[in-house]
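Trainee: Dropping the structure in here first, questions after.
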Amino acid sequence: MSLDGVAVAAEGLRKIYSGGVVALDGVSLEIRAGRIFSLLGRNGAGKTTFVKIASTQLMPSAGRIEVLGYDVITEADKIRRRIAVVPQEGRPALLNTPYEHVYHYLIARGMGLWEARRRTKQILDVLELGGYANTLCSQLSGGLRQRTLVATALATDAELLFLDEPTIGLDAITRIKIWDVIRTLTHEEGRTVILTTHYMEEAETLSDAVAIIDRGRIVARGGVDEVRSLLHSSARVEVIGGSLTLEELNRYGKVVRLGETVRVYVDDSHAREVVGLALERGARASVSRVTLEDVFVSLVGEGLES
Amino acid sequence: MRTEEIRRSIVGVAAIAWFYGIAPLRRNIYWSFHYALAPLAFLFFIYLYGGSGSVGYALAGGFVMVTVTASVSMETEAAFNRIVLKLHEMYVASPVRPLTYVIGLALANQLSAAPGVATFLVITTALTLLTPLLFFTIIFSLITVWITFSVLGYIISTLVRDLRDLWTWSPIITGLVSVLPPVFYPLELLPEALRGVAYIIPTATAARLVHIAIGAVTAAQQEWILLWTAAAIQSTIAIAVLLRNTRWRIT
C-alpha cells in the first residue's frame with residue numbers, strides 16, 4: 001500500500017461480528033491526507049465499523065489497513081497519538097460543563113495546561129459555546145450537547161479526525177458552522193477529516209471525496225463530481241401519482257421507485273419530455289439537478305432513513 | 001522520554017479523576033454519603049448487640065465496606081462511559097493509555113468514598129483507638145482493597161452489554177465480599193477449615209489486618225507478615241489481570 005499523502009489505506013478489509021454478521025466484506029479504500037472524506041451508507045451498511053477499525057477501537061477479522069502509514073493492528077499506539085474521534089450517538093457527561101469536557105480531555109491526551117486552556121476557549125468560541133462554557137451539560141439542549149462533543153474532538157491537535165455522524169440532531173445554522181470549522185481544519189491546517197453522515201447535502205458541500213458503502217462493500221468512490229457522474233444523467237424528474245407505468249418511464253433513463261414517488265434520471269434534453277408526459281397522465285412532476293443523494297439512491301436502491 | 005511519558009500519565013490520571021470525580025461530586029455531594037450509610041448502620045447494631053468490645057470489628061468492617069462499595073461502583077461508571085456516553089471511544093482513539101484511564105476512573109470513584117472513610121477515622125480517633133500503626137495499616141489495607149475491587153469492577157464493566165445488568169451485580173458483589181467473610185466479625189468465629197479465607201479474599205485480608213492493628217485480636221508476628229504479603233500479592237495479581245484484560249480494543 002502506498003503511504004505518501006495517504007491518510008488511510010485499506011485492502012480487503014473484513015469484519016465479521018461474533019454472531020456471524022458480516023459488517024465489512026472486503027473493503028479496499030484509499031483516503032488522501034489533508035482532505036475531507038465522507039463515507040455514506042444506510043444504517044448498518046458498515047460505516048461505523050470501518051471508522052472503529054481505522055480509529056483502533058475494533059479489530060478487523062481479515063484484510064489490512066494502515067492509518068497515517070502505520071498498521072492498525074501492530075502499531076495502534078502510534079496511530080492513537082495522531083487521531084481523535086467523535087463517536088456516533090455520543091453524549092457528554094451531564095454533571096460536567098462543556099469547558100470541562102474539552103479542557104480535561106486535552107490534558108488527558110497530554111497537552112500542556114496553557115495550550116489546553118487556549119484551545120478550549122478558542123473552540124468553544126468558534127462553535128458558539130463560549131456563553132455556555134460553565135453551564136452543566138444537563139442544562140444544555142441536545143444540539144449544544146452534541147456541539148460539546150464535536151468541540152472536544154476538534155480542539156485536539158490530531159492530524160486525522162474521525163467524525164461519526166457529528167452533525168446529527170443539529171440545526172442547519174450550527175451544521176454550517178461546524179462545516180466551516182472542518183474546512184478550516186483541512187484547508188488551512190492540513191488535517192484530514194473522515195466523516196460519516198446521513199446528510200447527503202453535507203457530504204456534497206463539504207467533501208473532497210466520498211465513498212458509498214452498502215452491506216459492507218464499497219459500491220462507489222471518488223471525487224464528488226466523479227461519483228455524481230456515475231448516474232450518466234444530469235437531471236432528476238420526480239413523478240408522483242398519475243397513470244404512467246415504469247416501463248414507459250424506463251425508455252427515458254434509469255428509474256427508481258421510492259414508495260409512491262418515482263425518480264427518473266435523464267439528460268437535460270429529455271427532462272421536459274418526461275415532465276410533459278407525466279402531467280398529461282395526471283401526475284405531479286418536478287425537475288432538479290442530479291445530486292449525490294440521487295447516486296446514493298440509485299446505487300443503494302432506497303431512500304435514506306432520516 | 002520515559003520520564004515525560006510517566007509525567008503525562010500522572011497528569012492524565014489527575015485530569016480524568018477530576019473530570020469524573022471531583023467536578024461532579026462538588027455538584028452532587030450526596031453521592032458520597034450513601035457509601036457510609038450501610039457501614040454506619042452495621043457499626044450501630046454491632047455496638048448495640050456486641051457492646052464496646054466489638055466496636056473494633058465494626059470499625060474495620062466500615063473502612064473496608066466503604067472502600068469496596070465505592071471501588072465496585074467503578075463497574076457502573078466505566079460501563080456508563082462506554083455504553084451510554086461513549087466517551088470511552090474518545091479515550092481509546094487517543095494517546096491516553098488504558099491504565100491511565102482505569103486509574104483515573106478508579107480514583108474518581110474512590111473520591112466519593114473519602115467522606116465515608118473520614119467519618120470512620122473520626123470515630124476511631126474519638127474512641128482513642130487511632131495509632132500511627134493503625135493509621136498506616138488502614139491506608140495500606142484500603143489501597144489494596146481499592147486496587148483489587150476497582151479492577152474487578154472495570155473488568156465486569158467491559159463484559160456487560162446493558163447497564164441494567166450492573167444494577168444487580170454491584171450489591172451482590174459488595175454483599176458477598178464485605179458482609180459474608182470475616183470483615184465485621186473475627187476470623188475465629190469461622191470453623192478452622194474456613195479460616196484460610198483471610199489470605200484469599202481481599203476484604204477478609206484487609207479487615208484482618210485492621211482487626212489486629214486496632215487491637216481487637218492478637219496475632220502472631222508470622223500471621224501479621226503473612227497477611228501483609230497476601231494483601232500485596234492480591235493487588236499485584238489484580239493489576240496483572242487488568243493489564244491482560246483491559247479490552248481497550250474490542251475483538
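Trainee: Only one residue in B:Ile139, B:Ile173, B:Ile147 is in contact with a Ser or Thr (Cβ under 6 Å, 6 or more places away or on another chain) and not polar (S, T, N, Q). Which one? It would help to see each step written out before you state the result.
Mentor: Details: B:Ile139 fails: in contact with a Ser or Thr (Cβ under 6 Å, 6 or more places away or on another chain); B:Ile173 fails: in contact with a Ser or Thr (Cβ under 6 Å, 6 or more places away or on another chain).
The match here is B:Ile147.
Trainee: Answer yes if at least one residue in the stretch B:98-116 is within 14 Å of chain A (Cβ to nearest Cβ), of a type in the set (Phe, Trp, Tyr) and surrounded by fewer than 23 Cβ atoms within 10 Å (Cβ to Cβ), and no otherwise.
Mentor: No - not one qualifying residue is present in the stretch B:98-116.
Trainee: Here are A:Gly19, A:Gly12, A:Gly26: which of them is part of a loop (DSSP other than H, G, I, E, B) and surrounded by fewer than 19 Cβ atoms within 10 Å (Cβ to Cβ)? I'd like the intermediate steps shown before the answer.
Mentor: Values: A:Gly12 fails: part of a loop (DSSP other than H, G, I, E, B); A:Gly26 fails: part of a loop (DSSP other than H, G, I, E, B).
Being part of a loop (DSSP other than H, G, I, E, B) and surrounded by fewer than 19 Cβ atoms within 10 Å (Cβ to Cβ) holds for just one of A:Gly19, A:Gly12, A:Gly26, which is A:Gly19.
Trainee: Pairs please, first residue from the stretch A:282-297 and crowded, with 20+ Cβ neighbours inside 10 Å, second anywhere and in a strand (DSSP E or B) and at pLDDT below 90, Cβ atoms under 9 Å, 6+ apart in sequence or on different chains.
Mentor: Partner pairs satisfying both residue conditions: A:Asp294/A:Val256; A:Val297/A:Val256; A:Val297/A:Leu258.
Trainee: Turning to a different aspect of this structure: Hey, among B:Tyr30, B:Tyr20, which residue is of a type outside the set (A, V, I, L, M), surrounded by 20 or more Cβ atoms within 10 Å (Cβ to Cβ) and on the phi < 0 side of the Ramachandran plot? Break it down stepwise before answering.
Mentor: Values: B:Tyr30 fails: surrounded by 20 or more Cβ atoms within 10 Å (Cβ to Cβ).
The unique qualifying residue is B:Tyr20.
Trainee: Further question: Tell me yes or no: at least one residue of the stretch B:130-140 is of a type in the set (Ser, Thr, Tyr), closer than 18 Å to B:Thr174 by Cβ and either under 21 Å from the mean Cα position of the chain (by Cα) or not in a helix (DSSP H, G or I) (or both).
Mentor: Residues of the stretch B:130-140 that are of a type in the set (Ser, Thr, Tyr), as a first pass: B:131, B:137.
Now drop any that are not closer than 18 Å to B:Thr174 by Cβ, which leaves none.
No, the stretch B:130-140 contains no residue that is of a type in the set (Ser, Thr, Tyr), closer than 18 Å to B:Thr174 by Cβ and either under 21 Å from the mean Cα position of the chain (by Cα) or not in a helix (DSSP H, G or I) (or both).
Trainee: I'm trying to understand the selection: among the residues of the stretch A:123-134, which are more than 13 Å from chain B (Cβ to nearest Cβ) and assigned to a loop (DSSP other than H, G, I, E, B)? Quick ask: steps written out before the conclusion?
Mentor: Quick first cut of the stretch A:123-134, residues more than 13 Å from chain B (Cβ to nearest Cβ) only: A:123-133.
Result: A:Leu127, A:Glu128, A:Leu129, A:Ala133.
Trainee: Let me ask something additional. Can A:Arg32 be described as surrounded by fewer than 19 Cβ atoms within 10 Å (Cβ to Cβ), in contact (Cβ under 8 Å) with a residue 24 or more places away in the chain and more than 8 Å from chain B (Cβ to nearest Cβ)?
Mentor: Numbers: surrounded by fewer than 19 Cβ atoms within 10 Å (Cβ to Cβ): yes; in contact (Cβ under 8 Å) with a residue 24 or more places away in the chain: yes; more than 8 Å from chain B (Cβ to nearest Cβ): yes.
It is true that A:Arg32 is surrounded by fewer than 19 Cβ atoms within 10 Å (Cβ to Cβ), in contact (Cβ under 8 Å) with a residue 24 or more places away in the chain and more than 8 Å from chain B (Cβ to nearest Cβ).
Trainee: Those residues that are within 14 Å of chain A (Cβ to nearest Cβ) and polar (S, T, N, Q), I need them from the stretch B:216-251; list them, please.
Mentor: Going residue by residue through the stretch B:216-251, those that are within 14 Å of chain A (Cβ to nearest Cβ) are B:246-251.
The answer is B:Thr246, B:Thr251.
Trainee: Out of the stretch A:76-86, which residues are touching a Phe, Trp or Tyr at 6+ places or on another chain (Cβ under 9 Å) and in a loop (DSSP other than H, G, I, E, B)?
Mentor: A:Arg82 - this is the single residue of the stretch A:76-86 that is touching a Phe, Trp or Tyr at 6+ places or on another chain (Cβ under 9 Å) and in a loop (DSSP other than H, G, I, E, B).
Trainee: Do any strands (runs of 3 or more DSSP E) entirely within the stretch A:173-269 hold 1 or more residues that are of a type in the set (Lys, Arg) and modelled with pLDDT of 90 or more, and if so, which? Reasoning before the result, please.
Mentor: Details: elements: A:192-197, A:209-214, A:217-223, A:235-240, A:254-258, A:261-266.
Strands (runs of 3 or more DSSP E) meeting the threshold: A:217-223, A:235-240, A:261-266.
Trainee: Filter the stretch B:81-90 down to residues that are part of a helix (DSSP H, G or I) and at the interface with another protein chain (Cβ under 7 Å from one of its Cβ atoms) and give me whichever is surrounded by the fewest Cβ atoms within 10 Å (Cβ to Cβ).
Mentor: Of the stretch B:81-90, the ones part of a helix (DSSP H, G or I) are B:81-85, B:87-90.
Subset that is at the interface with another protein chain (Cβ under 7 Å from one of its Cβ atoms): B:84-85, B:87, B:89-90.
Values: B:Val84: 14, B:Leu85: 18, B:Leu87: 23, B:Glu89: 23, B:Met90: 26.
Filtering the stretch B:81-90 for residues that are part of a helix (DSSP H, G or I) and at the interface with another protein chain (Cβ under 7 Å from one of its Cβ atoms), the one surrounded by the fewest Cβ atoms within 10 Å (Cβ to Cβ) comes out as B:Val84.
Trainee: Identify, please: which residue in the stretch A:103-113 is more than 8 Å from every other protein chain (Cβ to nearest Cβ), of a type in the set (A, V, I, L, M) and surrounded by fewer than 24 Cβ atoms within 10 Å (Cβ to Cβ) and is, among those, farthest from the chain's Cα centre (by Cα)?
Mentor: A:Leu113
Trainee: Report, by residue number, each residue of the stretch B:6-18 that is in contact with a Lys or Arg (Cβ under 8 Å, 6 or more places away or on another chain) and within 7 Å of another protein chain (Cβ to nearest Cβ). It would help to see each step written out before you state the result.
Mentor: Restricting attention to the stretch B:6-18, the residues satisfying the condition of being in contact with a Lys or Arg (Cβ under 8 Å, 6 or more places away or on another chain) are B:9, B:12.
B:Gly12 - this is the single residue of the stretch B:6-18 that is in contact with a Lys or Arg (Cβ under 8 Å, 6 or more places away or on another chain) and within 7 Å of another protein chain (Cβ to nearest Cβ).
Trainee: I need the helices (runs of 4 or more DSSP H) fully contained in the stretch B:194-251, keeping only those with at least 2 residues that are over 22 Å from the mean Cα position of the chain (by Cα).
Mentor: On the way: elements: B:197-200, B:202-214, B:221-244.
Helices (runs of 4 or more DSSP H) meeting the threshold: B:221-244.
Trainee: Filtering the stretch A:162-191 down to residues that are closer than 23 Å to A:Arg42 by Cα and either among the basic types (Lys, Arg) or within 14 Å of chain B (Cβ to nearest Cβ) (or both), which residue is farthest from the chain's Cα centre (by Cα)?
Mentor: A:Arg175
So that you can scan it fast, the table gives a plain yes or no per residue for (1) out of contact with any strand residue (DSSP E or B) (no Cβ under 9 Å at 6 or more places or on another chain); (2) part of a helix (DSSP H, G or I); (3) surrounded by fewer than 23 Cβ atoms within 10 Å (Cβ to Cβ); (4) away from chain B (no Cβ under 14 Å):
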| residue | (1), (2), (3), (4) |
| --- | --- |
| A:Gly44 | no, no, yes, yes |
| A:Val51 | no, yes, no, no |
| A:Ile73 | no, no, yes, no |
| A:Pro92 | yes, no, no, no |
| A:His101 | yes, yes, no, no |
| A:Glu115 | yes, yes, yes, no |
| A:Lys121 | yes, yes, yes, yes |
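Trainee: Please tell me if B:Glu89 is modelled with pLDDT of 95 or more and acidic (Asp, Glu).
Mentor: Working: modelled with pLDDT of 95 or more: yes; acidic (Asp, Glu): yes.
So B:Glu89 passes the test.
Trainee: Hey, another quick one. Any idea how many residues of the stretch A:53-66 are more than 10 Å from every other protein chain (Cβ to nearest Cβ) and β-branched (Val, Ile, Thr)?
Mentor: 1
Trainee: Consider B:Val68 carefully, then state whether it is β-branched (Val, Ile, Thr) and either within 23 Å of A:Ala158 (Cα to Cα) or surrounded by fewer than 24 Cβ atoms within 10 Å (Cβ to Cβ) (or both).
Mentor: No; evaluated as a whole, the condition is false for this residue.
Trainee: Could you check the stretch B:45-100 and list, in sequence order, the residues that are farther than 15 Å from B:His211 by Cβ and small (Gly, Ala, Ser)?
Mentor: B:Gly51, B:Ser52, B:Ala70, B:Ser71, B:Ser73, B:Ala78, B:Ala79, B:Ala93, B:Ser94
Trainee: Also: Taking the conditions exactly as written (crowded, with 16+ Cβ neighbours inside 10 Å and either assigned to a helix (DSSP H, G or I) or not small (Gly, Ala, Ser) (or both)), does B:Ala36 satisfy them or not?
Mentor: Yes; evaluated as a whole, the condition is true for this residue.
Trainee: If you don't mind, another one. Among A:Leu149, A:Leu154, A:Leu185, A:Leu163, which is the only one that is more than 15 Å from A:Pro92 (Cβ to Cβ) and surrounded by 24 or more Cβ atoms within 10 Å (Cβ to Cβ)?
Mentor: On the way: A:Leu149 fails: more than 15 Å from A:Pro92 (Cβ to Cβ); A:Leu154 fails: more than 15 Å from A:Pro92 (Cβ to Cβ); A:Leu185 fails: surrounded by 24 or more Cβ atoms within 10 Å (Cβ to Cβ).
So the residue among A:Leu149, A:Leu154, A:Leu185, A:Leu163 that is more than 15 Å from A:Pro92 (Cβ to Cβ) and surrounded by 24 or more Cβ atoms within 10 Å (Cβ to Cβ) is A:Leu163.
Trainee: Oh, and also: Only residues that are surrounded by fewer than 20 Cβ atoms within 10 Å (Cβ to Cβ) and at the interface with another protein chain (Cβ under 8 Å from one of its Cβ atoms): list them for the stretch A:78-90, please.
Mentor: Passing the criteria: A:Arg81, A:Gln88, A:Glu89.
Trainee: Just to verify a result, which residue in the stretch B:19-37, among those that are under 11 Å from A:Glu100 (Cβ atoms) and touching a residue at least 60 places away in the same chain (Cβ under 8 Å), is farthest from the other protein chains (Cβ to nearest Cβ)?
Mentor: It comes out as B:Ile22.
The values are calculated or read from the model by the stated rules, or taken from the named source; none is laboratory data. Keep in mind that this is a model prediction, so the values were computed, not measured. Don't worry about glycine lacking a Cβ; one is built from the backbone with ideal geometry, like all the others, and counts go over all protein chains shown.
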